[in-house]
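Undergrad: Below you will find the structure I want to go over with you.
The values are calculated or read from the model by the stated rules, or taken from the named source; none is laboratory data. These figures come from a predicted structure and were not determined experimentally. No Cβ is skipped: glycine too gets one built from the backbone with ideal geometry, and neighbour counts run over all protein chains shown. Just so you know, the surface numbers come from the protein's heavy atoms only, side chains and all, with ligands and any DNA or RNA stripped out. Shrake-Rupley method; radii C 1.70, N 1.55, O 1.52, S 1.80 Å.
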Amino acid sequence: MPLVAPSILAADFSKLGDEVRRATEAGADYIHVDVMDGFFVPNITIGPSMVKSLRPHSKLPFIAHLMITHPERHVKAFAESGSDIIEVHVEAEQELGETLRMIRGLGKKAGLAVNPPTPVQSVFPFLRDIDLLLIMSVNPGFGGQSFISDVLPKIGLAKLEMERLGSKVPVEIDGGINTETGELAARAGADILAAGTSVFKAPDMRKAIDALRACGTSKD
Ligand code: DX5
Ligand code: ZN
């Protein structure tokens, strides 16, 4: 059964604290926070001070998805803001091994994200250094984009490599996730479904989260 991480990028930014509380009360497993710098991706979103002010609104683990260049300059601030899992991109300019060690050194879980055009093999050398693998199913930058199904085989390939290494890291998938695409992702082995639009714009958030959590569980 996959876990569900609502992405607050699709929430109402004029009342983010309430939105985080709403997702928590609707049964979310994590809160996924999209951090964009206007350079690694074209959009600008949330910084550590915002994460800090959202922190009291939920006891759920916060995933900070850093879509930024030189994440090593900011991981400390995100750790201090109350993020529990800090994800950096394999494509970002940085000393990746060092950044991952830095995140763990701050007592946080380290996540590694890979964009749709990047081969999944690029994360293989780091599988022992991470606590979460994020497979992007859209090109990052904006919510509400269509799911790119070509990325699905990456999940199985990563899991095979983990098995070979004797390491087991949960796989999160992010971008264009709804019950249909979530079903495909869960069947392909995704452990966590990050979803913005399909959760925050749903008429009934609890139903939307429950439906995502049920993905991949039917026998047919
Ligand atoms: C994309 C972000 C995603 C996005 C998902 O750049 O990393 O987390 O918010 O939003 P939806 O579910 O609307 O594609
Ligand atoms: Zn994200």
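Undergrad: Out of the residues in the stretch 134-151 meeting the condition of being open to solvent by 30 Å² or more (accessible area, probe 1.4 Å) and among the hydroxyl-bearing types (Ser, Thr, Tyr), tell me which one is nearest to ligand 1 (Cβ to nearest atom).
TA: My answer is Ser146.
Undergrad: Might you check whether a residue that is open to solvent by 50 Å² or more (accessible area, probe 1.4 Å), within 16 Å of ligand 2 (Cβ to nearest atom) and under 22 Å from Ala23 (Cα atoms) occurs anywhere in the stretch 203-214?
TA: No, the stretch 203-214 contains no residue that is open to solvent by 50 Å² or more (accessible area, probe 1.4 Å), within 16 Å of ligand 2 (Cβ to nearest atom) and under 22 Å from Ala23 (Cα atoms).
Undergrad: If you check every pair at least six apart or on different chains, which have Cβ atoms under 8 Å apart with a residue in the stretch 126-142 that is of a type in the set (Lys, Arg) first and a residue that is modelled with pLDDT under 95 and more than 9 Å from ligand 1 (Cβ to nearest atom) second?
TA: Close Cβ pairs satisfying both conditions: Arg128/Ser167.
Undergrad: Here's a follow-up. Considering each of Lys159, Lys154 in turn, give the residue that is more than 9 Å from ligand 1 (Cβ to nearest atom) and touching a helix residue (DSSP H, G or I) at 6+ places or on another chain (Cβ under 8 Å).
TA: Lys154
Undergrad: Here's a follow-up. Checking the conditions here, which among Val35, Val41 is at pLDDT 95 or above, in contact with a Leu (Cβ under 8 Å, 6 or more places away or on another chain) and open to solvent by less than 50 Å² (accessible area, probe 1.4 Å)?
TA: Every option except Val35 fails the conditions.
Undergrad: Lys109 passes all but one of (1) open to solvent by less than 40 Å² (accessible area, probe 1.4 Å); (2) away from ligand 1 (no atom under 16 Å from the Cβ); which number fails?
TA: (1)
Undergrad: Can you give me the number of residues within the stretch 111-138 that are closer than 20 Å to His70 by Cβ, in a loop (DSSP other than H, G, I, E, B) and of a type outside the set (S, T, N, Q)?
TA: The qualifying residues number 1.
Undergrad: Which ones in the stretch 162-181 are over 14 Å from the mean Cα position of the chain (by Cα), within 16 Å of ligand 1 (Cβ to nearest atom) and outside any loop (DSSP other than H, G, I, E, B)?
TA: Thr179, Glu180, Thr181 - these are the residues of the stretch 162-181 that are over 14 Å from the mean Cα position of the chain (by Cα), within 16 Å of ligand 1 (Cβ to nearest atom) and outside any loop (DSSP other than H, G, I, E, B).
Undergrad: Looking at the stretch 117-131, can you tell me whether even one residue there is open to solvent by less than 50 Å² (accessible area, probe 1.4 Å) and within 13 Å of ligand 2 (Cβ to nearest atom)?
TA: No, there is no match, as no residue in the stretch 117-131 is open to solvent by less than 50 Å² (accessible area, probe 1.4 Å) and within 13 Å of ligand 2 (Cβ to nearest atom).
Undergrad: Can you tell which of Ile63, Ile46, Ile85 is hydrophobic (A, V, I, L, M, F, W, C), within 12 Å of ligand 2 (Cβ to nearest atom) and in contact with a Lys or Arg (Cβ under 7 Å, 6 or more places away or on another chain)?
TA: Criteria check complete, one pass: Ile85.
Undergrad: When the stretch 1-57 is examined, which residues are found to be touching a residue at least 12 places away in the same chain (Cβ under 8 Å) and among the small types (Gly, Ala, Ser)?
TA: Ala5, Ser7, Ala10, Ala11, Gly17, Ala23, Ala26, Gly27, Ala28, Gly47, Ser49, Ser53 - these are the residues of the stretch 1-57 that are touching a residue at least 12 places away in the same chain (Cβ under 8 Å) and among the small types (Gly, Ala, Ser).
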